[in-house]
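What follows is one structure encoded as structure tokens, with my remarks underneath.
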Amino acid sequence: MLDPAILRDNLEAVSRRLRDRGMEMPLDELARLDVDRRRLIAESEKLKHAKNLASEQIGRLVKDGRKPEAEARKKDVRELNDRIKQLDGELGVIEQSISSLLHEIPNIPHPSVPVGKDCSDNQVVRVWGEPRRFAFTPRHHVELGEELGILDLQRAAKISGARFAVIRGAGALLERALIGFMLDLHTREHGYLEVIPPFLVNSAALFGTGQLPRFRDDLFHVEGHDLHLIPTAEVPLTNLRSGEILEREELPLRLTAYTPCFRSEAGSYGKDVRGLIRLHQFNKVELVAISEPQRSYEELERLTSNAEEVLRRLELPYRVVTLCTGDMGFSAAKTYDLEVWLPGQGAYREISSCSNCEAYQARRAGIRCRPEKGAKPEYAHTLNGSGLAVGRTLVAILENNQQADGSVVVPAALRPYAGGLETIRRVA
């Protein structure tokens, strides 16, 4: 959530930056409501002051034995009370309207974010690795997975419907190996604390990270309970410190977790319908950081590099792009996407998004930090990124490491986690 003071003092600048995101927001209405709010507060405070003075006067009149005058003043106090209640009621309605509007406003893009409409306006920051030259036509991961007997989409559809997958045998081993490899890398070398969070969270947690109320349709809700399946571990990890003040020695706080993720993918029909790219349920290793505001962009570069290291260790070609204003997520102030090369599709595809949300989520979730001992707390900055999406990493391994005979070579860095498995072959 944006700071209401920023909206009040920089309305035109905020409107312009939101238009850069391709969004027209009712900021004029918000400004008008804020004027009404302040007017009502001022009038209510004035009447409360008059009521206090009248109450003191009544006490003196009673003490002096001037009962008729005291009774007359009591009538005035009752009228003041009625008017104060009326004003407070009007104020409550206005504050609810302001709150609802604020919750619908996305974060303001950082000045370094390129202005653009969609992914075609994203800017490539760097490229790592050379896409392999094949002596044969590389195949899509679905064909490879089905021929190797490690991917079964038909039986997944039978038991769950479209956009689910059954991964088995060496494929399941490889997914499990990837999870262990990623967690070990991030905890042992990158300094993250591993967490096993709940996979069900309440509405307050989803509000804190910005999924509610705007993206309710993207969530799976548990009927009869204030619980939703998590769309990403970002939600429970960030909200672990909701309503808390972090001391300087705790910062930056770096957390990682493996979780399954659940998304209804509302509005994405027709996109990536084939294979493992866009599923209702998928595995992911998440990175979350909570930082002092002054150092959050250093932390973004670090977190992004930590996610990149997974791809480098697996020897998968990729590129880093800065998302333009029109392609960023709701809560993000700046985002880098890592896009891995998929030869079966002849394209770079997203495998991680690394974002600095600045104070946007922290303000919603009440996460503050103290810059130094005894100082006044301020809102922290929160960051998150995939480190990485496990299913998409499996896709990248299958497509980049496929051989002419249909087998797939397991990356060397992954073999200790896969029982020494070097090659995936079809099992009769």
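Table for the structure above
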{"read-out": "Computed E for E56/H103 - FRET, C-beta separation, R0 51 angstrom, nearest 0.05", "value": "0.75"}
{"read-out": "Between segment 352-428 and segment 117-166, the alpha-carbon center distance in angstrom", "value": "17 Å"}
{"read-out": "Net length gained if the chain between R133 and R415 were fully extended (0.36 nm per residue, minus Cα distance)", "value": "99.1 nm"}
{"read-out": "Cα-projected label distance for R426 with K67, points at 7 Å along beta-carbon direction, nm", "value": "10.6 nm"}
{"read-out": "Rounded, prolate or oblate (a/c below 1.5 giving rounded, otherwise prolate when a/b exceeds b/c) for segment 7-161 by Cα gyration tensor", "value": "prolate"}
{"read-out": "Computed helical MRE - 222 nm, the chain, DSSP H runs ≥ 4 contributing -39500 (n - 2.57), nearest 500", "value": "-12500 deg cm²/dmol"}
{"read-out": "P(r) of segment 310-400 over all Cα-Cα pairs, binned every 10 Å from zero, in whole percent", "value": "16, 36, 25, 16, 6, 1"}
{"read-out": "Listed residues I94, V124, I84: farthest to the positive end of the dipole of segment 41-138 (Cβ charges)", "value": "I84"}
{"read-out": "On Cα atoms only, tilt of 67-103 relative to the major axis of the chain in degrees", "value": "20 degrees"}
{"read-out": "Relative contact order (%) - segment 198-342, alpha-carbon pairs under 8 angstrom, separation at least six", "value": "20 percent"}
{"read-out": "Accessible area (Å², per residue) of segment 30-146, counting only protein heavy atoms and a probe of 1.4 Å", "value": "64 Å²"}
{"read-out": "Euclidean distance between Cα centres, segment 230-263 to segment 191-207, Å", "value": "6 Å"}
{"read-out": "Summed side-chain charge close to N107 - residues other than N107 whose Cβ falls under 13 Å, Lys, Arg +1, Asp, Glu -1", "value": "+2"}
{"read-out": "Total formal charge among the other residues, if their Cβ is under 12 angstrom from that of T232, Lys/Arg +1 and Asp/Glu -1", "value": "-1"}
{"read-out": "F181 accessible area, 1.4 Å probe, all protein chains in place, Å² to nearest 10", "value": "10 Å²"}
{"read-out": "Prolate/oblate/rounded label for segment 92-174 (Cα gyration tensor, a/c 1.5)", "value": "oblate"}
{"read-out": "Entries in K46/K85; K48/K74; K48/K376 that, when Cα-Cα distance is taken, lie over 20 Å", "value": "K48/K376"}
{"read-out": "Those residues of segment 359-390 whose amide nitrogen sits under 15 Å from the label point placed on E298, 7 Å along Cα→Cβ", "value": "371-372, 381"}
{"read-out": "Qualifying lysines (Cα of each under 26 Å from Cα of K284; at least 8 residues distant if same chain)", "value": "K158, K271, K334"}
{"read-out": "Which labelled figure in [x] 228; [y] 171; [z] 144 is volume of the Cα convex hull per residue in Å³, once derived from the coordinates", "value": "[y]"}
{"read-out": "Dipole moment magnitude, nearest 20 debye, the chain about Cα centre, only Lys, Arg, Asp, Glu C-beta charged", "value": "620 debye"}
{"read-out": "For the chain: relative contact order, % (alpha-carbon pairs under 8 angstrom, 6 or more apart)", "value": "20 percent"}
{"read-out": "For I179, net neighbour charge (Lys/Arg +1, Asp/Glu -1) across residues whose Cβ lies under 12 Å away", "value": "-2"}
{"read-out": "Cα-based convex hull, segment 253-360, per residue volume (Å³, whole number)", "value": "128 Å³"}
{"read-out": "Cα-based convex hull volume of segment 69-137 per residue, rounded to whole Å³", "value": "194 Å³"}
{"read-out": "Cα gyration tensor shape for segment 198-319, rounded if a/c is under 1.5, else prolate or oblate", "value": "oblate"}
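The values are calculated or read from the model by the stated rules, or taken from the named source; none is laboratory data. Everything quoted here is computed from the prediction, not taken from an experiment. Cβ coordinates were reconstructed from backbone atoms using ideal geometry, including for glycine residues, and neighbour counts include every protein chain displayed. Calculation scope for accessible area: heavy atoms of the full protein, side chains included, ligands and nucleic acids excluded. Shrake-Rupley method; radii C 1.70, N 1.55, O 1.52, S 1.80 Å.
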